[in-house]
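The block underneath contains the structure these notes are about, expressed in structure tokens.
The values are calculated or read from the model by the stated rules, or taken from the named source; none is laboratory data. Just so you know, these numbers come straight off a predicted model, no measurement behind them. Reconstructed Cβ throughout: ideal geometry from the backbone, glycine too, with neighbour counts over all protein chains shown. Calculation scope for accessible area: heavy atoms of the full protein, side chains included, ligands and nucleic acids excluded. Shrake-Rupley method; radii C 1.70, N 1.55, O 1.52, S 1.80 Å.
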Amino acid sequence: MKRFQITEYCHHMIEAFAVETESCIDATMGNGVDTAFLCRLAGEQGKVIAFDIQEKAVENTGKLLEREGLREQAKLVLDSHDNMDKYAEAESADIIVFNFGYLPGGDHKISTKAATSVSAVEKGLGILKKGGIMSLCIYSGGDSGYEEKEALLEYIRSLDHKKYIVITHEFANRPNDPPLPVLIKKIK
Ligand SMILES: C[S@@+](CC[C@H](N)C(=O)[O-])C[C@H]1O[C@@H](n2cnc3c(N)ncnc32)[C@H](O)[C@@H]1O
């Protein structure tokens, strides 16, 4: 990890803890960096479904995947992630990735929101296979505010410890509301 970007850190967590990788969901497509990562991880036989509410994100991701020769593996969906249960069956995904916030280089006002984010994580946990993992990268402060982070933390802290392992990774010494990576493993 050369620059220690938080998305890279989340990718390392996923690579370290994922048992199976063929069926993946990118819940927040953005510019497609996570979608491309998941397509590589899923391999040529694998499948990735990616969601975003912005056409620009679908366009940017499509272009990135074309450049990288990964377009075949991905289904890009222009819809909110809290509708992901319309596109994926229960207990069908090995990995689900959320990278909350706004489109890098885009309008900061078009951002993930507390209510839909919590609902999407809840639906995602239903779609995750037993043994599967979900990563969350939560931002706060600045344009993001604190409501979404607080709602997500309240929700994940309430999850049954017999069914899920939930680990938050906290920067201990970084000022100004550092991002908060979270790993959830479904054990039952
Ligand atoms: C920080 S970006 C994601 C970065 C992205 N994963 C990448 O690799 O570039 C967050 C994205 O979430 C999208 N978003 C906001 N609300 C959403 C929703 N309800 N459903 C799906 N995506 C949403 C935004 O449009 C934005 O593109």
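Summed over segment 143-161, residues that are out of contact with any Phe, Trp or Tyr (no Cβ under 7 Å at 6 or more places or on another chain) and closer than 11 Å to GLY101 by Cα total 3.
Among the residues making up segment 99-118, none is open to solvent by 30 Å² or more (accessible area, probe 1.4 Å), in contact with a Gly (Cβ under 9 Å, 6 or more places away or on another chain), at pLDDT 95 or above and in a loop (DSSP other than H, G, I, E, B). SER119 passes all but one of (1) farther than 26 Å from ALA18 by Cβ; (2) within 11 Å of the ligand (Cβ to nearest atom); which number fails? Looking at each condition in turn, SER119 falls short on (1).
Being within 10 Å of the ligand (Cβ to nearest atom), within 20 Å of SER135 (Cα to Cα) and modelled with pLDDT under 95 is a property that does not hold for THR61.
As for segment 65-85, it holds at least one residue that is of a type outside the set (Gly, Ala, Ser), in a strand (DSSP E or B) and crowded, with 18+ Cβ neighbours inside 10 Å.
Scoring GLY131 on the criteria (1) assigned to a loop (DSSP other than H, G, I, E, B); (2) under 21 Å from MET13 (Cβ atoms) leaves a single failure, condition (1).
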